[in-house]
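The structure appears below as structure tokens.
The values are calculated or read from the model by the stated rules, or taken from the named source; none is laboratory data. None of these values were measured; they are calculated from a predicted model. Every residue, glycine as well, gets a Cβ built from its backbone with ideal geometry; the counts of neighbours run over all protein chains shown.
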Amino acid sequence: MYTIITRNNCKYCDKAKTLLKADSIPYVSYNVEDNSSKWVLSLLKKANIKTVPQVFAHDGNYVGGYRELEEVLGHASEKEY
């Protein structure tokens, strides 16, 4: 199961979840704006991570953001202008 750290109104967070859903890959999501997930925000700050989404693979390895997730899953990245 993948893990995605997100926030509200995040286009790339939504795209990452949609990508996993399209490939039928289960995931759990933690939204740093939810009271129950504030601990995740503390971890991100300590790690000096300032952007979301942050994606972790089923084995716990760090994937990166949306673009890195696309690469790991073998999806062609389309440039947005």
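Does segment 6-24 contain at least one residue that is assigned to a strand (DSSP E or B) and not small (Gly, Ala, Ser)? Checked segment 6-24: at least one residue is assigned to a strand (DSSP E or B) and not small (Gly, Ala, Ser).
Suppose we filter segment 1-14 for residues that are farther than 19 Å from Val40 by Cα and either buried (at least 16 other Cβ atoms within 10 Å of the Cβ) or touching a residue at least 60 places away in the same chain (Cβ under 8 Å) (or both); how many remain?
Number of matching residues: 0.
Pairing residues of segment 16-43 that are closer than 20 Å to Met1 by Cα and surrounded by 13 or more Cβ atoms within 10 Å (Cβ to Cβ) with residues that are of a type in the set (Gly, Ala, Ser) and modelled with pLDDT under 95, at Cβ distances under 8 Å and at least 6 apart in sequence or on separate chains, gives Tyr30/Ser37; Asn31/Ser37. Could we say that Ala57 is among the small types (Gly, Ala, Ser), crowded, with 19+ Cβ neighbours inside 10 Å and touching a strand residue (DSSP E or B) at 6+ places or on another chain (Cβ under 6 Å) here? So Ala57 does not fit the description; no.
Please work out which residue is nearest to Val63 (Cα to Cα), limiting yourself to segment 25-50 and to residues that are among the small types (Gly, Ala, Ser) and at pLDDT below 95. Looking at the filtered set, the residue picked out is Ala47.
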